[in-house]
Structure formats: structure tokens, C-alpha cells
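The values are calculated or read from the model by the stated rules, or taken from the named source; none is laboratory data. Bear in mind that the values here come from a model prediction, so they are computed numbers and not experimental data. Every residue, glycine as well, gets a Cβ built from its backbone with ideal geometry; the counts of neighbours run over all protein chains shown. Ligands, DNA and RNA are excluded from the accessible area calculation, which covers all protein heavy atoms including side chains. Shrake-Rupley method; radii C 1.70, N 1.55, O 1.52, S 1.80 Å.
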Amino acid sequence: NIDELRTHVRTLPATYTADPTVILNSVVFIPSGIDEALAFDNELSSQADDKNKFIPPVYCSDVFVSPTVAKGLTRNSRLSYEGVDLYAWPESGFTQAYSQHFSTDMVSGEAQFYDALCLLAYAATWSQYSKTTLNESVRHVVDGNSGEAPWNCFSYGMTQVFSQLQKGQRPSIKGATGPWVFDPKYHTNRKQSTYRRWRFYEGDFLTIGYATSEPTSHSL
């Protein structure tokens, strides 16, 4: 619980060391929710007020990436938060388009949610053409290989995908999260995803690099 978490955080400065050759020189933090993330930050910030204490850098799970967390953190200059989370495919342009449209950066899962909505719309289109169920149509859409469509996170790309589906063609689709390549047996697991490495700085989760299982010019 929160009280136990706070009690444990008080022991961190004495437990960890700045020596990079020692395993206990940084903390991995996996909060179960926003309240835990804010309590952790509040308690560690209190420990950081003592300049003689070593404050270890903290590597966080994706639960930490939240507008509410960003707003509630103490922003103590001695605290360092980094982590990895699912993100948009760098070459898709979705990150820039999102920032321009909403005047804010993505935080958590926007690209995945966008692609899920597109997949549902494409599957509904294919279902009308092929007279198959929506579930069957989802499988048919992600299995598409009749030509390649442009990035479907822009209107011209979506227009082309819809047009091809209405003609009975199933293109290889590239979405906000990258190429839609799924396992050939169950058609449910993406064969690659994009992860970004972020660092919290002055109120924002700044992207400092990407990692993917497929080649991309932006990968670390």
C-alpha cells in the first residue's frame, strides 16, 4: 500500500550507491497506478532535500507516463526519471501530425488506439464487400498483401485503403504504429512494435530514442 511504499522509499538513499560497478545504483519502479507514482515521487523528493544523500536514478514502467503524473510530480531537480513505452513508428509521421493537430505531445497509447480504430473501419468495409463476419474481416485485412498502401495515418492513405478494399483488394497497410504484419497462424500478434525511450524533463516526457525489432533509421 501507499504507506509501505513511502516507508521503503525512505530506505533508498542508504541502500543504493553512485558507484556504476555496483548493481544497486539505480531503481526500477513499476507503479500499479497514478497514486503510487505520485507518492513515490513525493517521498523521494523529500529525501532529496538532504543534499548529502545519494538519490538513485529511477527507471519506470509505462504506467508512469501519464498527464496526471506529469502534472503532479514535484519536479525536484535531483530526481531523474526514465523509461520505455509503446509508441508510434518514427517514419509514419503520426507523432508530428498529432502534435500539430492537438497542440500537445502524445503521452500513452494514442498511436495504438488510432490504428485499432482504423482496423475496425477497414474490417467493416471489407465485411460489406466480402459478406463475411467482422471477426473474419479483421483477419483478412491484417493478412493483406495485394500491393502496398501509403501511410494510412493521413487522409490520402486512408482514402486509398478504403478504395482498394471496396474493389476486393487487400493492401499491405502501414499505420501509425508501423507496418501491420501479424503472425500468420493466429493473426492476433504484431510481429514488431515500436518502443521509445523517454526522460522526464521540466514537465514533459521527452523522447530520446527508439527501439524496434525491425529496421528503422531512428532505432537506437
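Being crowded, with 18+ Cβ neighbours inside 10 Å, out of contact with any Asp or Glu (no Cβ under 7 Å at 6 or more places or on another chain) and either not small (Gly, Ala, Ser) or not in a loop (DSSP other than H, G, I, E, B) (or both) is the filter here, so list the residues in segment 84-103 that pass it.
Scanning segment 84-103 gives 87, 89, 90, 92, 94, 95.
In the set 45, 80, which member is closer than 25 Å to residue 195 by Cβ, small (Gly, Ala, Ser) and at pLDDT 95 or above?
Working: 45 fails: closer than 25 Å to residue 195 by Cβ.
The conditions single out 80.
Please go through segment 181-214 and give me each residue that is open to solvent by less than 60 Å² (accessible area, probe 1.4 Å) and part of a strand (DSSP E or B), ordered by number.
Answer for segment 181-214, where residues must be open to solvent by less than 60 Å² (accessible area, probe 1.4 Å) and part of a strand (DSSP E or B): 182, 194, 196, 198, 200, 205, 207, 209, 210, 211, 212.
Let me confirm something: among 139, 170, which residue is open to solvent by 40 Å² or more (accessible area, probe 1.4 Å), part of a loop (DSSP other than H, G, I, E, B) and either hydrophobic (A, V, I, L, M, F, W, C) or touching a His at 6+ places or on another chain (Cβ under 7 Å) (or both)?
Of the residues listed, the single one that is open to solvent by 40 Å² or more (accessible area, probe 1.4 Å), part of a loop (DSSP other than H, G, I, E, B) and either hydrophobic (A, V, I, L, M, F, W, C) or touching a His at 6+ places or on another chain (Cβ under 7 Å) (or both) is 170.
Would you mention how many residues in segment 104-122 are open to solvent by 40 Å² or more (accessible area, probe 1.4 Å) and not in a helix (DSSP H, G or I)?
Total meeting the criteria: 3.
Sort through 133, 125 and tell me the only one that's among the β-branched types (Val, Ile, Thr) and open to solvent by 50 Å² or more (accessible area, probe 1.4 Å).
Just one listed residue meets the conditions, 133.
Can you name the condition, by its number, that residue 19 falls short on among (1) at pLDDT below 90; (2) buried (at least 19 other Cβ atoms within 10 Å of the Cβ); (3) out of contact with any Gly (no Cβ under 8 Å at 6 or more places or on another chain)?
(2)
Please go through segment 41-62 and give me each residue that is hydrophobic (A, V, I, L, M, F, W, C) and open to solvent by less than 20 Å² (accessible area, probe 1.4 Å), ordered by number.
Scanning segment 41-62 gives 44, 48, 55, 58, 60.
Just to check your reading of the model, which residue among 24, 5 is open to solvent by less than 80 Å² (accessible area, probe 1.4 Å) and touching an Asp or Glu at 6+ places or on another chain (Cβ under 9 Å)?
So the residue among 24, 5 that is open to solvent by less than 80 Å² (accessible area, probe 1.4 Å) and touching an Asp or Glu at 6+ places or on another chain (Cβ under 9 Å) is 5.
Give me a count of the residues in segment 63-80 that are over 12 Å from residue 45 (Cα atoms) and either buried (at least 18 other Cβ atoms within 10 Å of the Cβ) or of a type in the set (A, V, I, L, M, F, W, C) (or both).
6
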